[in-house]
Amino acid sequence: VGKSSLINALLGDGTARVSKTPGRTREINVFSFQLKTKGKKVTDLPPLYLFDLPGYGFAKAPEEIRAQWEGLLAPYLRYRLPLVGLVLIMDSRHPLTELDLQMLEWFAQTGKPIHVLLSKADKLTRQEQAVALREVGAVLSRIGERCTLQLFSSLKRSGVEEAEAVLGSWLEMAPKKDALPPSGLRTEKVARAKNRKA
């Protein structure tokens, strides 16, 4: 679905290693980042963390490894208390797979927000985009009130600001009355914890 490209679009190019082979993420990777406002780091806040979970679906990984992912992901999503929300990335051309629905079910039980990014939206016509939004939106409305949805394209860089706004609201980055508004989640250089298990 282009997960690494999406992470790079949000946190800065070079943050996540991009591979042409799906399913290269086999552990939980941790990325730390600082917020920036008008080009300056917000140093009075602690670092924030994005946890990159293993992909699934079309991932070319042995069945044994995919079974391990399920044993890792279900308890992680249900019981990892510091998590503030889940971003679920679906290929806009193939949304709502059985595994997508399983991930939503696991995390919805926490009552925390879920934001669905329909990636590779540039590969759909406007009419196909509207259909995808309508169909996925109907399913999310049945899952819970804290589910949001948007189209996203790493290639065209469309949807980046919308995603930043949603994630920013989760992190309570809403600007104070006299403060400058945050310019997004991008960083100058993101410290990367390579292959570190959470």
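Each label point was placed 7 Å from the Cα along the Cα-to-Cβ direction; for residue 78 and residue 63 their separation is 2.4 nm. Approximating the spin labels as points 7 Å out from Cα along Cα→Cβ, the residue 97-to-residue 138 distance works out to 2.2 nm.
By how many nm would the segment from residue 170 to residue 70 lengthen if fully extended, with 0.36 nm per residue of separation less the alpha-carbon distance?
Values: separation 100, 0.36 × 100 = 36.00 nm, distance 2.59 nm.
That pair, residue 170 and residue 70, stretches by 33.4 nm at full extension.
So, R0 is 30 Å and r is the distance between the beta-carbons of residue 49 and residue 161; what FRET efficiency does that work out to, to 0.05? That pair, residue 49 with residue 161, gives E of 0.90.
Every number here is computed from the coordinates shown, using simple stated rules; none is lab data. Predicted model only: the values in this text are computed from it and were never measured. Don't worry about glycine lacking a Cβ; one is built from the backbone with ideal geometry, like all the others, and counts go over all protein chains shown.
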